[in-house]
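Enquirer: First the structure, then my questions, so here it is.
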Amino acid sequence: MMLRLYNTLFKREEEFVPLDPAGRRVTFYSCGPTVYDYAHIGNFRSFLSADVLRRTLELLGFSVKHVMNITDVGHMTDDTSPDATGEDRMQVASRRLLEAKKEGRLPPGAGSDIDPNDPYAIADFYVTAFLEDARTLGLKVAKEVQKHPELMPRPTEYIPQMIAMVKRLIDRGHAYVAADGVVYFDVQSFAEYGRLSGNTPDAIRSGEGGRVDEATQALKKHPADFMLWKRDPHHVMKWPSPWGEGYPGWHLECSVMAQSLLGDQIDLHSGGEDNIFPHHECEIAQTCSATGRPLFARFWFHTRFLIVESEKMSKSKGNFFTVRDLLERGASPAAIRLELIKTHYRSNANFTFQGLTDSQRMIDRWVKLQRWLEASRSKSPAASGSAGPLHETLPAFKQALCADVNVAGAIGALNEAAGRYNLSDSPGRVDIGLELDALNQMNSVLGVLDLQTQGQASTADVDVKLVESKIAERNRARKSKDFKRADQLRDELLAMNIEIKDSAQGTTWSKIVR
Ligand code: AMP
Ligand code: ZN
């Protein structure tokens, strides 16, 4: 079965064929978090869709080396213009911690024992938090890193390699030292600049160029030229270099870590949609100019943004959530994961609490099905039978994933097969071993059944018979126009934390997540 994947570089869906001549090994680099704060669920949408892609490749028989970096220096607050400006995000974290400590706003454990003037300690604190959240949500690379620390590299560990790449770019005529001592990449030296994002040097000169302040503009050969190394002895983190004490550019970091760990050319590179420009455009320019090869990543995979209740997630709107926030509200890790992966990665996903509840219900059904199959197997281990619905559906499940990672289609296939079983009955003459194996294979991509599946929203502890009898009674009351009794029953259900929804198909219920 062939995986077809949308490639941002060529703006079309293509058959995924790895560079490895034997065709089995895949190299994959994902832009990871900047550790100046807790990652939010939007960040996790990007990381999890990379995880689902990686798991899809593994289900198809590829062996994937997946690297996800952790940015701990050089990512500036304004990263939307080619030459990022503002403050280093690690500096922002340091200032925030200092202020919070002064005002006594830090509860114990929330960074209260870190020295706010030590950016390495701040980075360590948020790395630990990130890994904890990432493992809670089943991000495979965050588990692997326990054995293979190199899979989640930090730029501060790759400074000599970065200096080497800058030197090479200068030697090859792709970079220059400006009058202020800053080393810039010369975009006009790389004919392909703009291929990924459409932001060619000409387009930038007439549009975006205006955003670069005039003093900097005058020092650069072109407004789109971007910083590789900045001399700045006052920066929050700094290293000696041939161009003075300073720090590397954010784009340079990813080029160097990808090359050091995966090679000059890689199969896949992922990030959120905002990474396309300038971050990934600049990575391509640097790597290809340094290696002299026509290609850096063969496929560029970008996840669209997560929005919350149809609005952009922002702290001021109060709709900004971390994984911790949702766990505190009673969501289960499995439901959070499913909610963040179930929408196609090239569409915006809209996070809602109703969606989270729906995801939990779906997981509850899968858990019940799995337990029921396991129980039937232990009752009659030797029994044999014919292929059942899950096994029969496996090709459709894979086919959906092969169509540009259509997770919704894959979930639909699983649900359709699960719906063919009546769990209050016995499975009959079905090969249970094959069924469990199929469910396992599907879960190897969805990755929810091996997480904690129970949260406050889980329906496993709900007296389903009681809920259903109240719903049936309410429907009878409504039919006979006894709305008072119907409302009373709705309130009784609400008191049990059960919310009901009426539609043309009937009444459905779910547990409320607050
Ligand atoms: P950062 O920690 O800011 O470097 O971001 C880490 C990753 O999260 C990047 O790949 C971003 O593109 C991605 N990202 C940021 N916000 C969102 C969002 N709302 N939805 C999806 N991905 C996001
Ligand atoms: Zn990156």
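The values are calculated or read from the model by the stated rules, or taken from the named source; none is laboratory data. Everything numeric here is computed off the predicted structure, so don't read it as measured data. Heads up, the Cβs are rebuilt from the backbone with ideal geometry, glycines too, and the neighbour counts pull from every protein chain shown. Accessible surface areas use protein heavy atoms only, side chains included; no ligands, DNA or RNA. Shrake-Rupley method; radii C 1.70, N 1.55, O 1.52, S 1.80 Å.
Enquirer: Probe 1.4 Å, all protein chains in place: accessible area of Glu339 in Å², nearest 10?
Expert: 10 Å²
Enquirer: Please state the shape class of segment 179-263: rounded when a/c is under 1.5, otherwise prolate if a/b exceeds b/c and oblate if not, all from the C-alpha gyration tensor. Don't skip to the end; give the middle numbers.
Expert: On the way: a/c = 2.36, a/b = 1.21, b/c = 1.95.
Note, shape of segment 179-263 comes out oblate.
Enquirer: Just how much of Arg95 is accessible, in Å², when a 1.4 Å probe is used and the result is rounded to the nearest 10?
Expert: Accessible area of Arg95: about 100 Å².
Enquirer: Quick one: Karplus J couplings for segment 179-193, per residue in order, coefficients 6.51, -1.76, 1.60, θ = phi - 60°, nearest Hz, x for Gly and Pro?
Expert: In residue order, the calculated couplings are 4, 8, x, 6, 8, 10, 7, 8, 5, 6, 8, 10, 4, 7, 4 Hz.
Enquirer: Would you calculate, for the chain, the mean residue ellipticity at 222 nm contributed by helices, counting each DSSP H stretch of 4 or more residues as -39,500 (n - 2.57) and dividing by all residues, to the nearest 500? Can you show the working numbers first?
Expert: On the way: 17 runs with 217 residues, N = 514.
Value at 222 nm, helices only, nearest 500: -13500 deg cm²/dmol.
Enquirer: Please sort by residue number the GluC sites (Glu not before Pro) in segment 130-159 whose DSSP state is loop and whose Cβ has at most 13 other Cβ atoms within 10 Å. Don't skip to the answer; put the middle values down first.
Expert: Numbers: sites: Glu132, Glu144, Glu150, Glu157; in loops: none.
Counting only loop positions with at most 13 other Cβ atoms within 10 Å, none of the GluC sites (Glu not before Pro) in segment 130-159 qualifies.
Enquirer: Across segment 39-56, in residue order, what do the Karplus-derived ³J(HN,Hα) couplings come to in whole Hz, using 6.51 cos²θ - 1.76 cosθ + 1.60 with θ = phi - 60° and x for Gly and Pro?
Expert: Taking θ as phi minus 60°, the curve returns 6, 9, 5, x, 4, 5, 4, 5, 5, 6, 6, 5, 5, 5, 4, 4, 5, 4 Hz for segment 39-56.
Enquirer: Kindly report the accessible area of the chain per residue (heavy atoms of protein chains, probe 1.4 Å, no ligands, DNA or RNA), in Å². Intermediate values should be presented prior to the final figure.
Expert: On the way: 22260 Å² over 514 residues.
Accessible area per residue: 43 Å².
Enquirer: Of the trypsin sites (Lys or Arg not before Pro) in segment 136-178, which ones lie in a loop per DSSP and count no more than 13 other C-beta atoms within 10 Å? Please report the intermediate quantities before stating the final value.
Expert: Values: sites: Lys140, Lys143, Lys147, Lys167, Arg168, Arg172; in loops: Lys147, Arg172.
Answer in residue order: Lys147, Arg172.
Enquirer: Please report the base-10 log of the normalised intensity I(q)/I(0) for the chain, using a Debye sum with one equal scatterer per alpha carbon and no solvent, at each q in 0.07, 0.10, 0.12, 0.13 (1/Å).
Expert: Taking Cα atoms of the chain as identical point scatterers yields -0.46, -0.86, -1.14, -1.28.
Enquirer: Could you compute how much accessible surface Glu15 exposes when probed at 1.4 Å, giving the result in Å² to the nearest 10?
Expert: Approximately 90 Å² of Glu15 is accessible to the 1.4 Å probe.
Enquirer: Follow-up question, since we're still on this one. Can you list, bin by bin at 5 Å, the percent of alpha carbon pairs in segment 28-303, starting at 0?
Expert: Bin by bin from 0 Å, the calculated values are 1, 6, 12, 17, 18, 17, 13, 9, 5, 2, 0.
Enquirer: Here is a further query. Please label the shape of segment 60-186 as rounded, prolate or oblate, based on the square roots a ≥ b ≥ c of the eigenvalues of the alpha-carbon gyration tensor (a/c under 1.5 means rounded; beyond that, a/b larger than b/c means prolate, else oblate). Working shown, then result.
Expert: Working: a/c = 2.51, a/b = 1.18, b/c = 2.13.
Oblate, because a/c is 1.5 or more while a/b does not exceed b/c.
Enquirer: Can you pull the percent of segment 464-511's accessible area that's carbon plus sulfur, 1.4 Å probe, other chains left in place?
Expert: Working: 1660 of 3220 Å².
Carbon plus sulfur share of accessible area: 52 percent.
Enquirer: Let me ask another. Whenever you get a sec, compute what percent of the accessible area on segment 307-446 sits on carbon and sulfur atoms (1.4 Å probe). All intermediate terms of the calculation are to be shown ahead of the outcome.
Expert: Numbers: 2970 of 6050 Å².
C and S fraction of accessible area: 49 percent.
Enquirer: Return the sequence-ordered ³J(HN,Hα) values of segment 215-225 in whole Hz as given by the Karplus equation 6.51 cos²θ - 1.76 cosθ + 1.60 applied to θ = phi - 60°, using x for Gly and Pro.
Expert: Going residue by residue, I get 4, 5, 3, 5, 7, 9, 6, 8, x, 7, 4 Hz, with x marking Gly and Pro.
Enquirer: So how far, in whole Å, is the C-alpha centre of segment 423-487 from the one of segment 269-306?
Expert: Result: 44 Å between the Cα centres.
Enquirer: Right, here's the next one. If you line up the Cα atoms of segment 464-511 on their principal axes, what length do they span on each, largest first, in Å?
Expert: Taking the Cα atoms of segment 464-511, the three principal extents are 27, 22, 16 Å.
Enquirer: When N counts the residues of segment 293-383, how does its alpha-carbon radius of gyration compare numerically with 2.2 N^0.38 Å, as a ratio? Write down the numbers at each step before the final one.
Expert: Values: Rg = 18.9 Å, N = 91, 2.2 N^0.38 = 12.2 Å.
Cα Rg divided by the expected 2.2 N^0.38 Å: 1.55.
Enquirer: Something else: With a 1.4 Å probe and all protein chains left in place, how much of the accessible area of segment 43-197 comes from carbon and sulfur atoms, in whole percent?
Expert: Values: 3110 of 6260 Å².
In segment 43-197, the share of accessible area belonging to carbon and sulfur is 50 percent.
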